[in-house]
Structure formats: C-alpha cells, structure tokens
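Chemist: Sharing a structure, written as structure tokens. Questions coming.
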Amino acid sequence: MTELSRKKEIFMANYLMTGNVKKASELSEITRKTAYNYLNDATFKRIYRERRSEQLKESTTLLQNASVEAVNVLREIMLDKTVSPYARQQSAQSILNMAYKAVEMVEVVEQLEILEAKILDEGD
C-alpha cells in the first residue's frame with residue numbers, strides 16, 4: 001500500500017520539479033492551503049526528504065561525471081600551442097584552482113574524521 005494519496009504524490013512530483021509551493025499547487029490543481037497542509041504532514045515530509053536527497057545524489061553524480069570531461073577540455077586547451085596564451089593561462093588557472101579546492105576539501109574531511117574519532121573515544 002502506498003503511503004501517500006494520489007493527490008499528494010502529484011503535488012510532491014510537481015514540488016520536486018519546481019521547488020515552488022505556488023507553482024506546484026497550481027500544477028497539481030490544489031489550493032496553496034492544501035499544499036501547506038501536505039508539507040506539514042510528517043509522512044509527507046519524510047518521503048519528500050528521501051526523494052529530494054535521491055534527486056541531489058543523482059545531480060551530484062551527473063556533475064561529477066561532467067567535471068571529468070570539463071577538466072579534460074581545460075587540459076586540452078592548456079596544452080594546445082595553437083590556442084591563445086590567454087586561453088591557455090585561464091585553463092591552467094582553472095585547473096589549479098579546482099585542484100587546490102579539492103585538496104582543501106579532502107583535508108577538511110580528514111580533520112573532521114579525526115575529531116569525530118576523538119569524540120567517540122572520549123565517549124567510551
């Protein structure tokens with residue numbers, strides 16, 4: 001048995017698509033008051049969070065895949081001697097900036113993991 005009514009499912013799909021209560025309620029042919037009632041329902045909230053999380057994971061995967069291609073394009077431009085020096089420099093700068101941010105993020109995650117381990121050890 002489904003946890004949400006058909007109307008709630010339709011509203012949720014439209015809300016996930018638009019991110020806007022007014023637009024989603026219009027597309028779903030319900031009042032905004034009804035939409036807000038749905039949004040305040042605990043089951044609706046839980047399922048919405050789960051679906052939104054899944055949407056974000058899928059988007060992140062697509063971005064990660066595209067980022068590999070983007071870096072390859074930047075690298076090709078950077079190494080192409082027939083391209084203007086400015087374009088080559090901009091490509092190199094972009095690659096360096098991305099590499100720096102990636103290293104920085106890895107270091108932050110490592111530090112968080114160390115802190116979490118310390119907190120867990122102190123709790124024992």
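None of the figures in this text is laboratory data; all of them are computed from the coordinates on show. Everything quoted here is computed from the prediction, not taken from an experiment. Quick reminder, even Gly has a Cβ in these numbers, built from the backbone with ideal geometry, and neighbours come from all protein chains shown.
Chemist: Report the one residue of Ile95, Leu56, Ala13 whose Cα lies farthest in the direction of the positive end of the charge dipole of the chain (charges on C-beta: Lys and Arg +1, Asp and Glu -1; origin at the Cα centre).
Modeler: It is Ala13.
Chemist: Let me ask something additional. So what are the ³J(HN,Hα) numbers for the stretch 39-44, from phi and the Karplus equation (6.51, -1.76, 1.60; θ = phi - 60°), rounded to whole Hz, Gly and Pro as x?
Modeler: 5, 8, 6, 4, 5, 4
Chemist: Treating the angle as unsigned and between 0 and 90°, give the value, to the nearest 10°, between the Cα long axis of helix 6-18 and the longest Cα principal axis of the chain.
Modeler: Tilt of helix 6-18: around 30 degrees.
Chemist: Between the DSSP loop rule and a limit of at most 11 other Cβ atoms within 10 Å, which trypsin sites (Lys or Arg not before Pro) in the stretch 40-98 are left? The partial results should precede the final answer.
Modeler: Working: sites: Lys45, Arg46, Arg49, Arg51, Arg52, Lys57, Arg75, Lys81, Arg88; in loops: Lys81.
Of the trypsin sites (Lys or Arg not before Pro), the ones in loops of the stretch 40-98 whose Cβ has at most 11 other Cβ atoms within 10 Å are Lys81.
Chemist: Hey, can you rank 18-30, 101-113 by average C-beta count inside 10 Å, highest first? Each step should come with its number before you reach the end.
Modeler: Details: 18-30: 15.3, 101-113: 10.1.
Descending mean neighbour count gives 18-30, 101-113.
Chemist: Which value, in debye to the nearest 20, gives the size of the charge dipole of the chain about its Cα centre, when Lys and Arg are +1 and Asp and Glu are -1 at the Cβ?
Modeler: Working: 18 positive and 19 negative charges, 201 e Å.
Using only the charged Cβ atoms, the result is roughly 960 debye.
Chemist: Could you work out how far apart the two model spin labels at Glu29 and Ser5 are, taking each label as a point 7 Å from the Cα in the direction of the beta carbon, and quote it in nm?
Modeler: For Glu29 paired with Ser5, the spin-label model returns 1.5 nm.
Chemist: Mind checking the full-extension length gain between Met105 and Ala66? Use 0.36 nm per residue of separation minus the Cα-Cα distance, one decimal, nm.
Modeler: Details: separation 39, 0.36 × 39 = 14.04 nm, distance 1.90 nm.
Gain in length upon complete extension: 12.1 nm.
Chemist: Of Lys57/Lys101; Lys22/Lys45; Lys7/Lys45; Lys23/Lys101; Lys45/Lys118; Lys45/Lys101, which pairs sit farther than 26 Å apart, going by alpha carbon to alpha carbon?
Modeler: Lys23/Lys101; Lys45/Lys118; Lys45/Lys101
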